[in-house]
Amino acid sequence: MAECSTPERYLNGERDQVEREEKFDMYTEDYRGHQPVDYRIIKGPPLEYLTGICPYPPSIPSMDEIQIKTCLFLIKPFRYSPNQHGKYPQAIRNEHKYIDIWDEHHVRMPCSPRNVDKNGRERWPNIVVALSNLKKKCEQKSANFDDLKKTIELCADRTYNVACLEYLFKEIFSDEQRLHFISVVLPSICSLAMKVDIICSQPPPLLRAGSNESITMSQVQAASLLACSFFCLFPCRSGSRLKKEYKYFQDPNFNALYLRGGREKVEKIRCIVHYFERIQVRKPTGVITFRRYSIPSQYVPKWSESNKNLIPVHFTTAKKIEDIECSLQVDFANRYIGGGVLNTGCVQEEIRFAICPEMIVSILVCEAMDDDECIFLIGCERYSSYRGYSKTFQYDTDYQDRSFKDNWGRKWSHVVAIDAIYFDDPLKQFDMKIIKREILKAYTGFYSRKPTNQVAFPVVTGNWGCGAFNGDREVKAIIQLMAASQTVRPMIYTAFGDKKLIESFAAIYDYLIGERATVRDLYRYLKKFCEASEKTTLFEFI
């Protein structure tokens, strides 16, 4: 299975790696003679050449064949077929009975009998009453924004500043949109939250650092959990109520997102509301997976000895990562997955989570990443288009995600979250200890779980760890070229609007190909560059 490799797979993968190198040598030869029509923004082999390597979702064993204990499920074994209409994933326990687990290994659910107030009374019955009353008023078209605010505060048993949510409701929405949200969308969110005990049937497990575990759930279960976040229902995740097991988790509740802030926060809420509107119109029928992954230390390459050839690279300024299909898309992640999506942040990771809100569920279950880890987000659907970036980010229009599904029912959407180091002093990054950490992080994220031709789809990335993290773009580019070449994945490098970097990276790549450079040569360049007393740029140094 592509997402559930065991260490033994590394032992017999060498022959497959060689076969892939031979296949990709052909692409590289094509690249040498390829003359793109527009050298200003596009270089390298045609994009379709690389995305055509795996135009359909990778084949994986059926759920009922999975015997690996680290693969955890919130649903019963399910097999997707495009010809079977009306067949949906079912909760792991569908006897309409919630089985509670209240411990440090699982999400502490709002519907748990052990979720109590300061007087020891169960909170869930009162939450259900509050949500039921709001739902009834909405259906009668008599609810207003104050009713929503009071319900959020009643459910959370605390007061909140919800200025951004209020601004969306009162200033951005038209009268027609406001009525539709109140009378149609909000009752649906209430129902999803109230039924979380039946929809999920048991608490999701937490994916701890170093666990190499995955959790698979239905899109409806993800929607129910997000509805709970919408009403700020998850206990023990912040403030004085924070339990010690959540020390390295983010708060999955939306209260910080609602708090007064810039227009970009309002637009992120708008994306999430649009998601709820879409799933109210048509119930999602698919499956998503979150998976932590780290490579055992004995399988980490000796970079100074690697003779892997460089893989083919397509360079472009014309596309964004999320727009390139049939590839492993890189999330320029925070160590705490999701970054500031539920707060003020609004750059690459936060925007991706806003337009694909099912990804926000990873915040609920995933602990902060260690240096040798990555997190995969598989099957999450995209619902929104957008324009702008950071302070200028805005919801634009509805997005129809027409990606194919695999036999589990997951969209052909594979995203890997890898976190780069933040440098308060950019000069600190020119240290081989730091460089090796970043190489390992990229290598872990790019590694093909099952190293064969069938799943070696390209990785699409860009200026990872640059921008706000102060990473050197040229150093990070060479690091990612090393990692992709070692894993024998072709790379699509997109630096939206950064024409200068694309041209210089493509030029240095041409030079390296002409010199028949290998991964160890790139490693040596990095090492000598870090040792050099006078710094130019890495590309000039090479």
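What the table shows:
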item: Kirkwood Rh in Å, taken over the stretch 191-268 so that all alpha-carbon pairs contribute; result: 14.3 Å
item: The stretch 376-491: relative contact order in percent, alpha carbon pairs under 8 Å with at least 6 residues between; result: 23 percent
item: Cα-based reach from Lys527 at 19 Å (exclusive), listing aspartates and glutamates while leaving out same-chain residues under 8 positions away; result: Glu305, Asp431, Glu438, Asp472, Glu474, Glu515, Glu540
item: With DNA, RNA and ligands ignored, accessible area of Asp146 (1.4 Å probe; Å², nearest 10); result: 80 Å²
item: Spacing of the two label points (7 Å from each Cα toward its C-beta) at Phe145 and Ser174, in nm; result: 1.9 nm
item: Point-charge dipole on Cβ atoms (K/R +1, D/E -1) for the chain, about Cα centre, debye to 20; result: 1280 debye
item: With every protein chain in place, the chain: carbon and sulfur % of accessible area (1.4 Å); result: 48 percent
item: Quotient of C-alpha Rg and 2.2 N^0.38 Å, computed over the stretch 120-276; result: 1.06
item: Global geometry of the stretch 263-391, whether rounded, prolate or oblate, following the gyration tensor of its Cα atoms and the 1.5 cut on a/c; result: prolate
item: Where Lys428, Lys244, Lys320 fall by accessible area, highest first, once all protein chains stay in place (1.4 Å); result: Lys244, Lys428, Lys320
item: Nearby lysines by direct alpha-carbon distance to Lys319 (threshold 21 angstrom, same-chain neighbours under 8 apart not counted); result: Lys43, Lys391, Lys411, Lys476, Lys499, Lys500
item: Accessible surface, the chain, averaged per residue in Å² (probe 1.4 Å); result: 42 Å²
item: Size descriptor, Kirkwood hydrodynamic radius, that averages inverse alpha-carbon separations across the stretch 336-426, Å; result: 14.4 Å
item: Cα long-axis angle, helix 219-230 against the chain (0 to 90 degrees, to the nearest 10); result: 70 degrees
item: Degrees separating the helix 145-156 axis from the principal Cα axis of the chain, which is the longest one; result: 80 degrees
item: Most positive-pole-ward Cα, Gln329, Ala318, Val300, against dipole of the stretch 288-338 from beta carbon charges; result: Val300
item: Charge dipole of the chain about the Cα centre (unit charges at C-beta), most positive-ward option of Ser385, Ile418, Ser218; result: Ser218
item: Accessible-area value, Tyr525, 1.4 Å probe, nucleic acids and ligands omitted, Å²; result: 60 Å²
item: Cα-centre dipole for the stretch 352-451 with unit charges at Cβ (Lys and Arg positive, Asp and Glu negative), debye to 20; result: 420 debye
item: Rg and Dmax of the stretch 471-542, Cα atoms only, in Å; result: 12.0, 34
item: Taking the chain and dividing mean pair separation by its residue count, relative contact order in percent (alpha carbons under 8 Å, at least six apart); result: 20 percent
item: Percentage relative contact order, the stretch 341-392, counting C-alpha pairs under 8 Å, at least six apart; result: 46 percent
item: Cα-Cα pairs of the chain separated by more than 47 Å (percent); result: 13 percent
item: Cα lying deepest toward the dipole's positive end in the chain, options Met432, Val361, Asn161, charges on Cβ; result: Asn161
item: Sites matching trypsin sites (Lys or Arg not before Pro) across the stretch 37-136 that sit in DSSP coil, with at most 15 neighbouring C-beta atoms within 10 Å; result: Arg40, Lys69, Arg79, Lys87, Arg93, Lys97, Arg114, Lys118, Arg121
item: Hydrodynamic radius of the stretch 133-209 per Kirkwood, over alpha carbon pairs, in Å; result: 14.1 Å
item: For the stretch 413-514, alpha-carbon Rg over 2.2 N^0.38 Å; result: 1.08
item: About the Cα centre, charge dipole magnitude for the stretch 412-516 (Lys/Arg +1, Asp/Glu -1 at Cβ), debye; result: 420 debye
item: Met63 accessible area, 1.4 Å probe, all protein chains in place, Å² to nearest 10; result: 10 Å²
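The values are calculated or read from the model by the stated rules, or taken from the named source; none is laboratory data. Values in this document were obtained by computation on a predicted structure and should not be read as measured data. Cβ coordinates were reconstructed from backbone atoms using ideal geometry, including for glycine residues, and neighbour counts include every protein chain displayed. All accessible areas refer to the heavy atoms of the entire protein, side chains included, with ligands and DNA or RNA removed. Shrake-Rupley method; radii C 1.70, N 1.55, O 1.52, S 1.80 Å.
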